[in-house]
Amino acid sequence: MPRKKLIAANWKMFKTPDEAVVFVRAFIPLVAHHRHAEIVLCPSPTLLPTVVEAARNHPIHIAAQNMHWLDQGAYTGETSPLQLKALGVTHVLIGHSERRQYFNETDESVNLKLKAALAHHLVPIVCVGEQLAEREANQTAEVLERQTSIALEGIDPAIATPLIIAYEPVWAIGTGRTATPEIAGDAHKIIRAQIANSLSTELAASTRILYGGSVKPDNTASLCALEDIDGALVGGASLDPASFAGIVANSAA
Ligand code: PGA
């Protein structure tokens with residue numbers, strides 16, 4: 001089975017509900033003819049009900065940018081998988097580097113969140129990626145293997161089919177410095193090999209691995225043309241409907 005491309009918009013802490021509706025209304029007609037890629041929008045928590053409603057009956061999935069691993073409890077400021085599901089959210093980002101960097105997300109909490117997402121039938125998009133100092137110290141493979149293996153620890157391969165991984169080198173996020181297709185391709189191979197080690201060769205072959213980090217309409221085709229790159233997780237260039245639609249279109253390499 002060929003892996004279907006997936007293009008996800010990570011809106012981070014941008015847009016009001018009104019702005020989100022304006023985006024969705026403008027975006028839908030722009031992608032109406034593209035069936036080659038799954039499209040996911042990841043708005044911040046307060047926008048989720050609005051965006052779910054605006055995208056209803058269109059082939060656009062909605063993801064949360066984060067969640068807690070427990071169903072409920074005394075965890076002020078957190079959102080549970082049950083609460084996301086009740087809103088109509090189907091996907092969830094886990095372990096984005098900004099969560100790791102600014103909010104104490106660890107490999108261990110990523111693992112707990114991944115288990116919770118799979119148990120609740122939310123499609124997890126687990127983010128991994130090395131920092132610039134780690135790349136310069138030739139530690140990229142070690143970092144990717146560590147992040148991926150701890151994320152996948154104790155995961156039952158029988159329920160891991162929905163898993164998606166996003167390779168996001170931290171030095172490429174929001175910097176305008178995209179990984180070359182060669183760098184991204186090598187990293188994706190390392191991650192795929194780790195999935196084979198941690199889960200199974202079948203899952204390594206079927207799991208989609210997205211690239212993220214300064215993806216723009218004009219560099220999408222060269223990245224998505226690579227055998228091991230199954231789509232993109234897009235930050236800055238996903239905030240504008242024409243730009244994000246351009247990325248969707250250009251991913252059909
Ligand atoms: P960027 O962000 O496209 O703005 O580099 C990517 C991300 O953080 O997911």
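The values are calculated or read from the model by the stated rules, or taken from the named source; none is laboratory data. This is a predicted model, so every value here is computed, not measured. No Cβ is skipped: glycine too gets one built from the backbone with ideal geometry, and neighbour counts run over all protein chains shown.
Any residue at all in region 128-144 that's touching a strand residue (DSSP E or B) at 6+ places or on another chain (Cβ under 7 Å), of a type outside the set (G, A, S), away from the ligand (no atom under 13 Å from the Cβ) and modelled with pLDDT of 95 or more? Checked against the condition, which is being touching a strand residue (DSSP E or B) at 6+ places or on another chain (Cβ under 7 Å), of a type outside the set (G, A, S), away from the ligand (no atom under 13 Å from the Cβ) and modelled with pLDDT of 95 or more, region 128-144 yields at least one hit. Counting only residues that are over 14 Å from the mean Cα position of the chain (by Cα), within 16 Å of the ligand (Cβ to nearest atom) and not polar (S, T, N, Q), region 96-116 holds 4 of them.
For region 189-232, the candidate set comprises residues that are among the polar types (S, T, N, Q) and part of a loop (DSSP other than H, G, I, E, B); within that set, the residue that is surrounded by the fewest Cβ atoms within 10 Å (Cβ to Cβ) is S200.
Within region 120-142, the set of residues being touching a residue at least 12 places away in the same chain (Cβ under 8 Å) and over 18 Å from the mean Cα position of the chain (by Cα) comprises L132, R135, T140, A141.
Scanning region 145-182 for residues that are assigned to a loop (DSSP other than H, G, I, E, B), at pLDDT 95 or above and within 16 Å of the ligand (Cβ to nearest atom) yields E168, P169.
Yes/no per residue for (1) more than 24 Å from A116 (Cα to Cα); (2) in contact (Cβ under 8 Å) with a residue 60 or more places away in the chain:
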residue	(1), (2)
G154	no, no
T161	no, no
A166	no, yes
R192	no, no
C224	yes, yes
I229	yes, no
L239	yes, yes
S251	yes, yes
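The number of residues in region 60-78 being touching a strand residue (DSSP E or B) at 6+ places or on another chain (Cβ under 7 Å) and either closer than 17 Å to L6 by Cβ or polar (S, T, N, Q) (or both) comes to 7.
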